[in-house]
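To start, the structure itself, in structure tokens.
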Amino acid sequence: MTRWKTIAAKSNLNLATHLTSNSLVFVDVSAAFDTGLDSKQPALRSIYEMTSAELTGQQEGASMMVILDDISSLEWTGVSLLDLIRFIRALRSLCLKSNASLIIRHHVVTPTEPDDLLRQLLQICTYHMDVQPLSSGRSGAVSGEIALHAGPSVDDPDFPLIPRSAAVQYRLTDTGAVFFGRGTGGGVL
Amino acid sequence: MSSFKRKTISKQASLPPGTRLSPASLLTTITSTGVPSLDDILGGGLPLSCSLLILAPDSHSAYGELVQKYFVAQGLACGQRVCLLDGNAKGFVEECMWMPHGLPTKSHVVEDEEDAKATQHNDTIKIAWRYEQMKKFQTTVPSSISSMEEYCRTFDLTCRIPHSIIGDALQSGNLIYLNIDSTQSDSCPTKIIRRIEAYLQNGGQVSSIPLRICIPSLGSPQWGDLTPQEILWFMHSLQRLLRQHPLTCASLSLSPHICSDVWGGSGWIQKLGWFSDGAFTLSAFTANPSLATIFPAHHGLLHIHTLPAPHTLLPPSDKFSALRGLSSASSTGGSGENNLAFKCMRKRLIFETLHLDLEGGVGDRRTTPSTNAIALDIGMQSHDHGHDAEKQRKAGDTAVLHVDVEVEVGAEGNKAETSSVDIKVKKPKKTVAFQSDRPELYDF
């Protein structure tokens, strides 16, 4: 949380005031799993209930967003795949009902063979943003590239999609990320 | 009065012992791992509230454990609290290295003597004039300057930690053993996390002295039968505890057999990297003789998986590490990253940039041998010649095979016999001797 605060402060955003005014709510997922490796199902249920209480507590018509950062650590620490998929499905329907957007972060450790969780995520997502390092290895001027794909349920996307062949490149700096088109970075020109 | 007022921060008063502010961010307090070159790679040192994971997949060596011992020794030396989780914690601490007894400056000189001996030779060799102005090729960062002394002590691997120091630390509560024993009920990962948490809440909050948690071999037999999920859960919970207690840092090593993707499935190392702030692999050459012959000056390669960045977007190491060499071209972040390796000498462990040895490998070649080597050569030669001459006579009696060789060697042998006094005085001429007892060896 401190890392979030200091990084947000770099872009002139004071998270502490947002936290006190309840426009930003932090749901500690790992605290729910503190009881150990057994009984994972109730923990997910309690997270779901906390989230749903927060979402229904907000006033009508406010635009809301739920960020789940990150789902792969839940999987790796021993939550069963079935429970996770059920949890995501429940969370997604909850967000649909309360008109909130849902962002899920997932680490792909084996890019060549997608895991089952990623397949499920791809099935239910509307958009799928794909951040990768450069395939040519580490570069000082470019940290990686981003592509945006539409999920299977979207046939007419609202945004222009970014195919992998024309991915947007980005570079991390001290204050934030700089985005630029391919071949127009500072180190290239 | 000017409206610009200089901010004065009383660093010395506020900072806990053995720590300093990170060069990257005023919010980050860093502490030393005990190895100056490792501190450099981390961007100055290990930030408090962060965890460092050392993977050493080679089961024939114990470099991971060595780094942990440095970590413990540094903690005890600068008066921080150390909490050790191991099956045999007492034995582990007693094997730690310590500072040499004499004056620190003197010991430093002694320590570098072996280095100097190796490099002094290069100083005398005249290389092409155009290289003369360049500074000496440096492969590692210099160890303790006097101001660093408090922050990172100079340890000597030939010294053991005195028992009195361990006793004092145990009595004052600066050193805590949490024994791991799989036969007892309180040693499953959940219970261990509970024990650490209880300790942090009892003693951790009141004291302003940093605490180092050291786990020398997570997943070793004392820990029982751990699954990958349990290990990841343990690391995740530990990281969470560290975040809650900002004066704590941790250093972990995994047992060698679980340090590779083979054990945890594909992507295992990456998963470990996500759950620790800094993750390195020390892959030693001991398992692979061909690598050991290619790089005789090093004992293994260092791979970086993750670097700690507790308060910044980019790890401070990118900017401040001299060894990684990214800082040279500042605007674009430099060209390439250096390959890093480590070597363990008689007195210390060093991380440095990977380079080929002199002359591209196999041993160093000396153009002017040192004086005692010459004397030795002469002794050898005169002895050999005598030997050869004897053999020659014998051979001349019995066999008439290899006529030309015999004649040549014979002439040589006669000369050596007659003018053996001369040879000792002047530099020996280049000679060729054929030794029948070592048939493949030609002595030039």
Original post:
Any idea how many residues of segment A:70-105 are among the basic types (Lys, Arg) and at positive phi?
Top reply: 0
**OP:** For segment A:105-119, enumerate the residues that are more than 8 Å from every other protein chain (Cβ to nearest Cβ) and surrounded by 13 or more Cβ atoms within 10 Å (Cβ to Cβ).
**Re:** A:ARG105, A:HIS106, A:VAL108, A:ASP115, A:LEU117, A:LEU118
Subject >> Count - residues of segment A:63-87 that are within 14 Å of chain B (Cβ to nearest Cβ) and assigned to a loop (DSSP other than H, G, I, E, B) >> reply: 6
**OP:** Scan (1) in contact with a strand residue (DSSP E or B) (Cβ under 9 Å, 6 or more places away or on another chain); (2) within 26 Å of A:GLY176 (Cβ to Cβ) for the single condition A:PRO157 breaks and write down its number.
**Re:** (2)
Subject >> Test result for B:SER51, within 29 Å of B:ILE180 (Cβ to Cβ) and at pLDDT 90 or above >> reply: yes
Subject >> Residue within segment A:136-148 that is at pLDDT 85 or above, surrounded by fewer than 14 Cβ atoms within 10 Å (Cβ to Cβ) and under 29 Å from A:VAL27 (Cα atoms) present >> reply: no
**OP:** Scan (1) modelled with pLDDT under 80; (2) acidic (Asp, Glu); (3) out of contact with any Leu (no Cβ under 6 Å at 6 or more places or on another chain) for the single condition B:ASP277 breaks and write down its number.
**Re:** (1)
**OP:** Report the residue count in segment B:21-42 for those that are assigned to a loop (DSSP other than H, G, I, E, B) and within 14 Å of chain A (Cβ to nearest Cβ).
**Re:** 7
Subject >> Any chance B:LEU291 is in contact with a strand residue (DSSP E or B) (Cβ under 7 Å, 6 or more places away or on another chain) and more than 11 Å from every other protein chain (Cβ to nearest Cβ) >> reply: no
**OP:** Would you mind stating whether A:THR173 is exposed (fewer than 12 other Cβ atoms within 10 Å of the Cβ), within 14 Å of chain B (Cβ to nearest Cβ) and free of Cβ contacts under 8 Å to residues at least 12 places away in the same chain?
**Re:** no
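Only one of B:PRO296, B:PRO315 is within 14 Å of chain A (Cβ to nearest Cβ), in a loop (DSSP other than H, G, I, E, B), in contact (Cβ under 8 Å) with a residue 40 or more places away in the chain and more than 22 Å from B:LYS191 (Cα to Cα); which?
Just a single option satisfies the conditions, and that option is B:PRO315.
Quick grid of which residues meet (1) at pLDDT 80 or above; (2) surrounded by fewer than 11 Cβ atoms within 10 Å (Cβ to Cβ); (3) in contact with a Cys (Cβ under 6 Å, 6 or more places away or on another chain):
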residue: A:ILE7; (1), (2), (3): no, no, no
residue: A:ASN12; (1), (2), (3): no, yes, no
residue: A:LEU19; (1), (2), (3): no, no, no
residue: A:VAL27; (1), (2), (3): no, no, no
residue: A:SER30; (1), (2), (3): no, no, no
residue: A:LEU37; (1), (2), (3): no, no, no
residue: A:SER46; (1), (2), (3): yes, no, no
residue: A:GLN58; (1), (2), (3): no, no, no
residue: A:ARG86; (1), (2), (3): yes, no, no
Subject >> Those strands (runs of 3 or more DSSP E) lying entirely in segment A:96-189 with at least 1 residues more than 21 Å from the chain's Cα centre (by Cα) >> reply: A:177-180
**OP:** Please work out which one of (1) modelled with pLDDT of 85 or more; (2) at positive phi is the condition B:GLY360 fails and give its number.
**Re:** (1)
**OP:** Tell me which of these A:ALA90 doesn't satisfy, since it passes every other one: (1) part of a loop (DSSP other than H, G, I, E, B); (2) more than 14 Å from chain B (Cβ to nearest Cβ); (3) out of contact with any strand residue (DSSP E or B) (no Cβ under 6 Å at 6 or more places or on another chain).
**Re:** (1)
**OP:** Give the residues of segment B:56-65 that are crowded, with 24+ Cβ neighbours inside 10 Å and either hydrophobic (A, V, I, L, M, F, W, C) or more than 23 Å from B:ASP156 (Cβ to Cβ) (or both), sorted by residue number.
**Re:** B:ALA56
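Residues checked against (1) surrounded by fewer than 17 Cβ atoms within 10 Å (Cβ to Cβ); (2) basic (Lys, Arg):
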site	(1), (2)
B:PHE155	no, no
B:ALA169	no, no
B:GLY173	yes, no
B:ARG194	yes, yes
B:LEU200	no, no
B:SER208	yes, no
B:SER251	no, no
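The values are calculated or read from the model by the stated rules, or taken from the named source; none is laboratory data. Since this is a predicted model, take the numbers as computed values, not measurements. Quick reminder, even Gly has a Cβ in these numbers, built from the backbone with ideal geometry, and neighbours come from all protein chains shown.
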